[in-house]
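Before I ask anything, here is the structure I am working with.
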Amino acid sequence: MNPVSEWLVESESTIANPELFGHKFTRQASLEQAGFPIPRLACVPATVFDYAVGPEVRASMATPLEASDRAQALRRRVRELGVPPALRAKLDSCFDEIAGPDGLVAVRACVVPKVGNSESGEDSAADPFAGLSDSFLYVRRAELADRVAACWASAFNPEAVLYRAHRGMDPFATRVAVGVQRMVMGVRSFVAFTRNPLDGAAQCVIAAAYGIGEGVVQEKADVDHFFVDQASGQIQARVELKSRAVGWDPARPDQGPVAVAVEPGLAALPVLADAELHEITALAARVEQHFGAPQDIEGTITADGRIHLVQARPITAPAAAQPAAPMPSQAPAILWDNNNITESFPGVSCALTYSVGRELFEVGFTDLYRRMGVPARVIARNRPRLRQMVGYLDGHVYYAIDNWYQLHAMMRCFRPLWSTWEQALGLTAAEPVAVRPNAISKALDLAEIALRLTAHPRRVREFLDWWDSYHARLDVSELSPSEVVAAYRELWRQVSDRWGVTLVNGVFLFTANWAVNGLLRRWASTADRSVLNGMLSGGRLNRSAQALHSVVALASQAGESAALRQALLSDADPRRLWNELIGGSHGQEFASALSEHVRRYGDRGLQDLKLEAITPRAEPWTVLPAVRAYLRQGKTVRDSLAMGQKVRRQARRELRRHCPNPAERAVLAGLFSAMRTLLQVREDTRFCRSQLFGDLRALLLRQGEHLVAAGLLDEPRDVLDLTVEEVLGAFDGTVAGADLRGLAAVRAAERAGWIAAERTFPARLGTDPDEPLTLALAALGQQLPAAGGTDRSDVLVGLASSAGTVRGRAMVVLDPTVTADETRDRILVARETDPGWLFLMMSAKALVVERGTLLSHTAITGRLLGIPTVVAVPEATTRIRNGSLIEVDGAAGTVRILDTES
């Protein structure tokens, strides 16, 4: 039947049936009838879509086509056909009625529910379907009919067809209503949630920008955020410096919404005044009361200050409504955390280390986000956050954790992984709110990750080949000052283009960890963490482990010669002994093996990411104490590998007992294998990172030699208390000031004071952004509790990381200059470790550290060596005295103090 009588419904009072008009427009009509400030609305019902478009869909279905090709063909055909002539005349008349001949309208599509199922469809509580249909703003009279046809065609947008297919629906069985609404020329716009979309709290959350609402919802404008407590009316504001908006430009009428500049005088002011915020909160509350459920509303404010409500939809779930990142509840203005980063930069670091580290975080994560599909303009907009991923707190390096949340939120596919990432960084104590996307979003996110994973092995190989070649070629010994600057800049240029591969690997590792834990809970719910830890043990040696086994192999080789053994076990000066050994005093074969070890592994040492650290590249004789210790202990490479394989065999037996279904075990085995591979890549690339810092150390110390020769510094190592730009800028003209000697002396004295104070900040702390950081930290220091806490239980609990139970005497290591001999057959207890501790770990019976996660270096190494390991044990170094008899249960994650005698 030709539905001429229903071609256009111009009265809000009759737009009432969602199966004809869709939830978007019936909700607006309901609000208008209730007295809410809704702009004039007319609607083309879905029956007209059935009449005009239905025959084309049926004809297409009779032709064999791929879904994507069918969708593209239907979109093109519907646009070509346009609207029936009778409807075109109706539209022109409607336009004049609601907007005037010279006015403008907004034209929006809405997918309507199936007949007999009015609870579904776009903007319904059950199926939001948001953002998949097209809308057009600032539409003129002559454009209206074509825009209606374009809305019909958007039923076959690729993302809409894919969405319906994922929902188990016929991807081409859809119906569309089109709304025509007077365009309100707003100068400010907002989106408001009647409940906090993170946790459902009674707090109205408002995002506001200059211009129209598209700038807010499509992230094309700079946005202020406001949080209004509905009980007290208290307002919290996060006001941005605003330069971008979206609006109407009369000089470009054919382009619809365009980017416009914010007036400089408004840039720093809040978009909304307090009175307007309270008015919007009250309006949102009335909408919620009208519909009987929490709402997400969109509105605009005209130049006269009037608020106009243009959309309202139910909040289906906290995560579905959330436009950005999860944030810890009641977070301080600046939240700092070093649970994870202290593994890389423990204790006090010099200024040069911090400036290099900050640069690597910025360029590395920029490359990560680029590789994960974040648009360049979005990355550019977040450049200030990238510059402040890490902070420098009285010499201690901390994550600026709020920035991490905001930056990672740029990766849409990261949404299922928030909780896994938080655990990996040790953020669970901050009471994070995990994002729980709906099933469709999660499937799409994981599909994107899986697609990107297919190219990952090749890109890892390319990265390692590039780095090995670059590192082998770099020789700084003869570089002039200008050549040092050029080499440093070129190295960072290449790092900027490639280092993201190492971080993409982390995304895949988080994904595998998330999947394994979820399936273990479902298929092997009675198994404890030791099964997961055990299945990750063993495997191929990563580069860090190869460095360790190279030392063990040197010890084994030395043990074959009585004279060489005696020389290494003597009390000879290490430097003199090294020169003798390299000179061939005990054979050229051993001399060559020593030289090859330092060439390949000379950048791996204790705290090797701190440029002030001394590594074997600079002082090669420092490897001899480790060789001596393993020679005395009789350690072999085979023993270490066998232990890891034994632990995995035990875990495999436990998995079979807890998960009897062979198909489910096969899936888990595949995921465990993937995790082991990804963990190996992680440790391999971390070894590359140690080499990178080794090369940067060599370049900057070489420049220090030139500064000494120029009379600007006293010692080459004085550059450690300058920043990179100060060291390089002295020659390329980018440094402000000439007294580098005085500046370095001031910073050196400050750093010495920090070290002497032996001050330990908490793992997580907050500071006021309106107070200088130094003063905030000084005030914080007066509030810190005494070390050791108040809990005097003899059992400490941490995170189980590698199974096994042992008893032994504790070796509490606060200064990692101890030797492998000193940790022999002791239980190593430390605040944190880094890859340079491997030589100490291999001698130990078990590992206990205050920091760390299941994926941290300590946990990985414990599993590799097959020794009991517990990480994240609060106050371990203060509660356990050196020499105490303790028992470590790596499966239960407990450390029992049996006596306190030293």
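What fraction, in whole percent, of alpha-carbon pairs in the chain exceed 47 Å separation?
Within the chain, distances greater than 47 Å cover 37 percent of Cα pairs.
Now, a different point. Based solely on its DSSP helices, what 222 nm [θ] is calculated for the chain when runs of n ≥ 4 H residues each add -39,500 (n - 2.57) and the sum is averaged over all residues, nearest 500 deg cm²/dmol?
-14500 deg cm²/dmol
Got the relative contact order for the chain handy, in percent, Cα pairs under 8 Å and 6 or more residues apart?
Value for the chain: 10 percent.
Mind checking the angle between helix 588-601 and the chain's longest principal axis? C-alpha axes, 0 to 90 degrees, to the nearest 10.
Helix 588-601 and the main axis of the chain meet at about 30 degrees.
For the chain, take the longest principal axis of its alpha carbons; what is the angle in degrees between that and the long axis of helix 46-61, to the nearest 10 within 0 to 90?
With rounding to tens, the tilt is 60 degrees.
Still on this structure, please answer the following. Using only alpha carbons, build the gyration tensor for segment 675-788 and give me the equivalent ellipsoid semi-axes, biggest first, whole Å.
Equivalent ellipsoid semi-axes, largest first: 31, 27, 14 Å.
Right, something else. Which order, highest average first, do 520-530, 673-683 follow once you tally other Cβ atoms within 10 Å for each residue and take the mean per peptide?
673-683, 520-530
Amide H neighbours of GLN311 under 5 Å, at least 5 residues apart or on other chains, H built in the peptide plane: list them.
For GLN311, whose amide H was placed from the backbone, the distant partners under 5 Å are GLU298.
Provide the FRET efficiency to the nearest 0.05 for the VAL239-ARG741 pair, computing r from the beta carbons and using R0 = 51 Å.
It comes to 0.75.
So what J values fall out for segment 569-581 if you push phi through Karplus, 6.51 cos²θ - 1.76 cosθ + 1.60 with θ = phi - 60°, rounded to Hz, Gly and Pro as x?
Along segment 569-581, the couplings run 8, 6, 8, 4, 4, x, 5, 5, 5, 4, 4, 5, 5 Hz.
Can I ask one more? Using a Debye calculation, one point per C-alpha and no hydration shell, please list log10 I(q)/I(0) for segment 217-308 at q = 0.11, 0.18 Å⁻¹ in order.
Debye curve over Cα of segment 217-308, log10 I(q)/I(0) at q = 0.11, 0.18 Å⁻¹: -0.40, -0.99.
Normalised by the empirical 2.2 N^0.38 Å for globular proteins, what value does the Cα Rg of segment 497-552 take?
So the Cα radius of gyration is 1.52 times the expected 2.2 N^0.38 Å.
State, to one decimal in nm, how far the label point of ALA202 lies from the label point of GLU279, with both points 7 Å from Cα in the Cβ direction.
According to this spin-label approximation, the distance is 2.5 nm.
Can you give the Rg and Dmax of segment 633-739 based on its C-alpha atoms, in angstrom?
25.6, 74
Arranged from highest to lowest average of other beta-carbon atoms within 10 Å per residue, in what order do the peptides 769-777, 49-57 appear?
My ranking of the peptides, most packed first, is 49-57, 769-777.
Spin-label point model (7 Å from Cα, Cβ direction): what's the ALA267 to LEU451 distance in nm?
3.8
Given H placed on each backbone N at 1.01 Å, which residues far from VAL246 in sequence or on other chains put an amide H within less than 5 Å of it?
Sorted by chain and number, the residues that satisfy this are ILE212, GLY215, VAL260.
How many lysine pairs are close in the chain, with Cα atoms under 23 Å apart and the two 8 or more places apart or on different chains?
Lysine pairs, 8 or more places apart or on different chains, close enough: 6.
Something else about it: Check which residues have an amide H placed less than 5 Å from VAL397's amide H, if you skip close sequence neighbours.
Sorted by chain and number, the residues that satisfy this are SER349.
Also, quick follow-up: What part of the accessible area of the chain, given as a whole %, is carbon or sulfur when the probe is 1.4 angstrom?
Exposed carbon and sulfur together represent 51 percent of the surface.
While we're on this one: By how many degrees, between 0 and 90 and to the nearest 10, does the Cα long axis of helix 18-33 differ from the longest principal axis of the chain?
Compared with the principal axis, the helix lies near 80 degrees.
Give me P(r) over segment 499-601, computed from all C-alpha to C-alpha distances, binned every 10 Å, as integer percentages.
Binned Cα distances yield the sequence 12, 28, 19, 15, 18, 8, 0.
Over the chain, give the accessible area per residue in Å² for a 1.4 Å probe, as an integer.
42
The values are calculated or read from the model by the stated rules, or taken from the named source; none is laboratory data. What you see is a predicted model; the values in this text were computed from it and never measured. Cβ coordinates were reconstructed from backbone atoms using ideal geometry, including for glycine residues, and neighbour counts include every protein chain displayed. These accessible areas exclude ligands, DNA and RNA; they are computed on the full protein's heavy atoms, side chains included. Shrake-Rupley method; radii C 1.70, N 1.55, O 1.52, S 1.80 Å.
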